[in-house]
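Here, each number is a calculation from the coordinates, and none is a lab measurement. On a predicted model such as this, the values are computed, not experimentally measured, just so you know. Reconstructed Cβ throughout: ideal geometry from the backbone, glycine too, with neighbour counts over all protein chains shown.
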Amino acid sequence: MALSKQEWLALEKKAHELRKLTLQTVAWAGSGHIGGGMSILDLLTVMYHKYLNIKVEDPKWEDRDRFILSKGHAAISYAPVLCDKGFNDVEMLKTFNLSGSKMGMHLDSNKVVGVDASTGSLGHGVSIAAGTALAARILGKDYLTYVATGDGELGEGSNWEGFMTLNHYKLSNCIVFIDRNHCMIDGNTEDVMKLEPLADKMVAFGFNTVTVDGNNISALCEAIDAAVARSKEPCAPSCIIMDTKKGAGIKTIEGDYLWHYGGIDDAMFEKFNNELDEDYKVRCERAEKEGE
Amino acid sequence: MAGGFVYTATSQTDLSTSEIYGKAIADIMQRDPKVVAVTADLAKSTKLGDVLKVCPERVINVGIAEQDMFGVAAGLARAGITPFVSGFSAFTSMRACDQLHTDICYQNVNAKIIATHSGTSFGQAGSTHHAIVDLAIVRAMPNITLIVPADGYETANAVNAAYDNFGPYYIRINRGFDRVLYENMDYGFEVGKAVEINPGSDITVIACGSCVLQAKEAAKFLENADGLKVRVLNMHTIKPIDKEAILKAVTETRRIITVEDHSVIGGLGSAVAEVVVEAGKGCAFKKLGHQDKFAPIGLHEDIMAEVGIDANGIINAVREVMKADFEEDDNWDDEF
């Protein structure tokens, strides 16, 4: 079922604020992984503003849900999400990537509050998530573990080792997201290293797999609701392939692999901000039209 | 002595080093429900049989996937569990190097790695299964404590210490079948503190792992045959290394030989040399170990003999280094 208009609009508003803050962080830093940061931002928004059972005042709470950002380079949008949530001072974003900062291109879980795993080297998150989910089973806890990988990242064989473990131990308390933005540094994924048929691969690895529009907040929430519903009993783990656009929300760079990482000047900053506003209007219209 | 398990001379004789590890971890796991064993299809080879008997539900086997093994261990550790991760040292150090570096050391999680079949102890398996660069790799990683026990008793002590202290530990043991060095566990094992196996004032042999017993036997022979007083130090902890014991050896014996079943590049010898050089106190110095060559295939003792890290090799090296003099003249050619 689609989200209510009210909830959908509220989440769109938060996603828009976070996109603006991400763009601002790119401007402060001078450059950043803007493409992959924007493609996953709707997921980060719903995670931190709808699903994760966490306590900002007690970030190490042992019963909290975990979120592991395997595509660690999306820190350019993840750090704004964590600061906006209150885990860290928003002022810290002004130091992103600068010498002496606690925040760089890939977040250190021992320095940035709210980060559940230090990632950056690709292909690590799934196994860490598997261990986290196994720990819940061993300790008799009912927290959930969410992990988000990139699509190009799936070239790392270690992901598939982790997928096998999730399936073997029936870790349905772990939900895997794949940010299928179709781009990697050197080009489109299907040109650099063919991934398709990706959903079939995940099914073959034992996952209950769905593909959704990952930049449609309501569709994404529907898929997450279904995965959460089947997380209580040990069974096949869930995989949500999020069909997304690299740079989602900024028309100029949407879907362009060249914007994996980039710098922006003042003119671009203004232009991109305007494009985010335009995109927000379209999103709100959709929520008004399609929301329950 | 901390811990609830004690091994007798009989158990040491009957059990291989890795079997003692298996018993030690089984004892800990029976006491602490928040400890698990993690392995990559080597539960039997790494002697987790006792654990499988007492708490099979806490043995996590990820199949042949060392990278996954460390990631899983890091996730477990972050959630409050203490994982004891066991695998062949060749794979725990090299196959999963990035995961050891990033998931375990960088995140500084409370994971304990038991790296078995190290050095050339799995000699017949060849260089794919020898671990002669693992110390160099692991030693360079921040946050980790690196221990190379000399026998089963010391392995039990190291496992106890790893359990008692927070942070990543890498305990590098052999395939098993090690000969006995100690009579029991009560010899004052302390992480980061070398153990003097034999007193001596003429020269110091600093060894680790299976080379310690060889050094002890060499010292006994040299005392009888050459009248030499050879100090033997069991440098079981490679990191943090016992600087005090090394510098004491420099000033009191002025000659040092290091012995290890590892490349002479980056391991015990390099660690000792760093301490000596940084102290600005020169001494005669020789590193015994694999001389930048892959080892041949064979029985462990045969490989050790060929490489010159057995008692004979140590005796020859001591005699060579004893020729060094320390005249206060300008002729450097007659010094070692």
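Observations on the model:
- Filtering B:E223, B:E190, B:E183 for residues that are surrounded by fewer than 22 Cβ atoms within 10 Å (Cβ to Cβ), assigned to a loop (DSSP other than H, G, I, E, B) and without any contact (Cβ under 8 Å) to a residue 40 or more places away in the chain leaves a single hit, B:E190.
- Top-ranked residue in segment B:88-101 [being surrounded by 23 or more Cβ atoms within 10 Å (Cβ to Cβ) and within 10 Å of chain A (Cβ to nearest Cβ); ranked as nearest to B:G63 (Cα to Cα)]: B:A96
- No other residue among A:A117, A:A135, A:A129 is under 17 Å from the mean Cα position of the chain (by Cα) and assigned to a helix (DSSP H, G or I) apart from A:A129.
- Test: A:F87 is touching a helix residue (DSSP H, G or I) at 6+ places or on another chain (Cβ under 7 Å) and more than 14 Å from chain B (Cβ to nearest Cβ): no
- Residues in segment B:139-150 that are in contact with a Phe, Trp or Tyr (Cβ under 7 Å, 6 or more places away or on another chain) and surrounded by fewer than 24 Cβ atoms within 10 Å (Cβ to Cβ): 2 in all.
- Every test in (1) in a helix (DSSP H, G or I); (2) more than 24 Å from A:L139 (Cα to Cα) is passed by B:Q67 save one, and that test is (2).
- Segment A:10-35 residues that are in contact (Cβ under 8 Å) with a residue 60 or more places away in the chain and closer than 15 Å to A:M92 by Cα, paired with ones that are basic (K, R) and surrounded by fewer than 19 Cβ atoms within 10 Å (Cβ to Cβ) (beta carbon under 7 Å, 6 or more apart): A:W28/A:K94
- Residues located in segment B:110-143, provided they are over 14 Å from the mean Cα position of the chain (by Cα) and within 27 Å of B:D27 (Cα to Cα): B:N110, B:A111, B:K112, B:F122, B:N143
- Hits in segment A:122-132 - residues which are touching a helix residue (DSSP H, G or I) at 6+ places or on another chain (Cβ under 7 Å) and in contact (Cβ under 8 Å) with a residue 12 or more places away in the chain: A:L122, A:G123, A:H124, A:V126, A:S127, A:I128, A:A129, A:A130, A:T132
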